[in-house]
Amino acid sequence: MYKIAVIPGDGIGKEVMEATLHVLEAIDVVFDYTFADAGDEYMEKTGVALPRETVDIVKASQACLFGAAGESAADVIVKMRQELDLYVNLRPVKSYPGTKCIFDNLDFVIVRENTEGLYIGLEEETEEGATATRVVTRKASERICKFAFEYTKKTGRKKVTAVHKANVLKKTDGLFKETFYKVAEDYPDMELDDRYVDATAMFFITKPEMFDVIVTTNLFGDILSDEGAGLVGGLGLIPSANIGENQGLFEPVHGSAPRLAGKGVANPSAMILSAVMMLDYLDENNAARKLENALVEVLAEGKVVTGDLGGSSSTMEMAAEVRSKLEEY
Ligand code: NAI
Ligand code: MG
């Protein structure tokens with residue numbers, strides 16, 4: 001039995017969470033859920049977006065499923081990443097049948113450093129304008145590169161590519177690149193290379209099949225993962241994992257989508273795929289593959305899918321269809 005914190009949040013976050021929990025009932029893994037509050041609605045009632053109690057509930061759990069927050073997203077999710085030291089942001093770029101993919105056979109993963117780089121929050125105004133500080137530490141570079149290699153080994157992937165701009169950012173990305181190759185010495189059988197971020201952005205469009213696992217710093221990872229999402233068809237489909245030493249937090253990449261909220265039309269796929277990532281994180285790989293396959297079947301058939309996928313089914317109808325596939329296995 002796994003202790004799981006559940007934070008539905010705001011808008012469609014609540015709807016895709018309900019749908020996903022419904023689907024998870026048909027999986028042979030037992031979860032002990034603790035529901036917790038965060039987001040705009042909670043802030044309207046209490047004045048805080050992320051109560052201490054919620055952070056404590058997540059800390060006491062093995063994993064957390066997070067729906068989405070609204071305007072308070074930065075105070076909720078960015079704060080949670082810091083409080084829990086969730087130093088990895090894992091974003092798969094995977095094409096599924098029946099979706100509007102630019103490429104049909106993509107399957108690579110971006111491992112983004114989630115705690116420092118240009119997102120450290122050190123900006124200041126100067127006489128001429130403003131400056132931002134970019135922090136790259138040996139410790140954070142080492143642990144993110146180590147995670148990338150371990151993840152590659154564990155998932156049977158073949159190659160790790162470090163993405164940087166060490167020719168210009170000689171000190172910060174120089175350190176990142178050097179650390180990558182130092183960590184690589186512990187993985188002599190692994191295929192590896194490194195590329196500049198600008199060229200990588202181009203290769204995403206021209207030759208994305210060359211990538212397997214990418215490891216990179218915070219800002220580059222943020223931008224490249226949205227570019228990757230664009231290759232495989234839209235926000236309703238893209239999950240993510242935030243991982244630290246003791247916890248994992250799994251969330252769709254999308255937000256609370258206020259214009260869709262309350263209508264029951266949001267695509268639950270991104271949240272369901274986030275649950276797939278959670279199952280893999282918990283080493284429940286069989287259950288993860290079953291859940292993923294059930295969703296893939298529903299996407300490929302294209303009959304009981306939401307509006308963004310060209311169908312006319314509701315969030316819960318699509319979830320029920322995924323669940324009925326699961327029950328057939
Ligand atoms: P959004 O991701 O909520 O929605 C953008 C558009 O993408 C929607 O209008 C909709 O057309 C489409 N979309 C997103 N999810 C979908 C789904 N499951 N099914 C079908 N279509 C979907 O981003 P937006 O509009 O920029 O932000 C809305 C609110 O969400 C803001 O308050 C923002 O702060 C918050 N937000 C929260 C995030 C989080 O909690 N991690 C992440 C991004 C935004
Ligand atoms: Mg982003």
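For region 107-231, the relative contact order works out to 39 percent when only alpha carbon pairs closer than 8 Å and six or more residues apart are counted.
Binning the alpha carbon pair distances of region 140-199 at 5 angstrom intervals from zero yields the distribution 4, 20, 30, 24, 15, 6, 1, expressed in whole percent.
The lysine pair tally for region 198-329, using Cα distances under 26 Å and a gap of 8 or more places or different chains, is 5.
Relative contact order for the chain: 24 percent, from Cα pairs under 8 Å spaced at least 6 residues apart, divided by residue count.
In deg cm²/dmol and to the nearest 500, what is the mean residue ellipticity at 222 nm of the chain if only DSSP H runs of at least 4 residues count, each as -39500 (n - 2.57), divided by the residue total?
Values: 11 runs with 131 residues, N = 329.
It comes out at -12500 deg cm²/dmol, rounded to the nearest 500.
For the chain, the normalised intensity computed at q = 0.08, 0.15, 0.16 Å⁻¹ comes to -0.37, -1.30, -1.44 (log10 of I(q)/I(0), Debye sum over alpha carbons, equal scatterers, no solvent). Normalised by the number of residues in region 96-146, the average gap of Cα pairs under 8 Å and 6 or more apart makes the relative contact order 31 percent. Positive contributions from Lys and Arg (+1) and negative ones from Asp and Glu (-1), summed over other residues with Cβ under 15 Å from the Cβ of His22, come out at -3. Each residue of region 315-329 is assigned a 3J(HN,Hα), and the resulting list reads 3, 6, 5, 5, 4, 4, 5, 4, 5, 5, 4, 4, 5, 7, 5 Hz, derived from the Karplus form 6.51 cos²θ - 1.76 cosθ + 1.60 (θ = phi - 60°), x at Gly and Pro.
Taking K and R as +1 and D and E as -1, what net charge do the other residues with C-beta under 13 Å from the C-beta of Met1 add up to?
-2
If you run the Gaussian network model on the chain, springs between alpha carbon atoms under 10 Å, then out of Glu83, Glu251, Glu113 the most flexible one is Glu83. Here the Gaussian network model covers the chain, with springs between Cα atoms less than 10 Å apart; of Glu178, Glu125, Glu245, Glu125 fluctuates the most. Shown is the FRET efficiency for Val30 and Val78, computed with R0 = 35 Å from the Cβ-Cβ distance and rounded to the nearest 0.05: 0.65.
If r is the Cβ-Cβ distance from Val48 to Lys207 and R0 is 56 Å, what FRET efficiency results, to the nearest 0.05? According to the calculation, E is roughly 0.75. Across region 107-231, the volume of the C-alpha convex hull divided among the residues equals 112 Å³ per residue. Reducing region 261-329 and region 97-142 to their Cα centroids gives an inter-centroid distance of 29 Å.
Largest GNM mean-square fluctuation across Glu150, Glu44, Glu18, computed for the chain with C-alpha springs under 10 Å, falls on Glu44.
All of the numbers you see were taken from the coordinates with simple rules; none came from a lab. Quick caveat, the model's predicted, so the values are computed rather than measured. Counting neighbours? That spans all protein chains shown, and the Cβs are built from the backbone with ideal geometry, glycine included.
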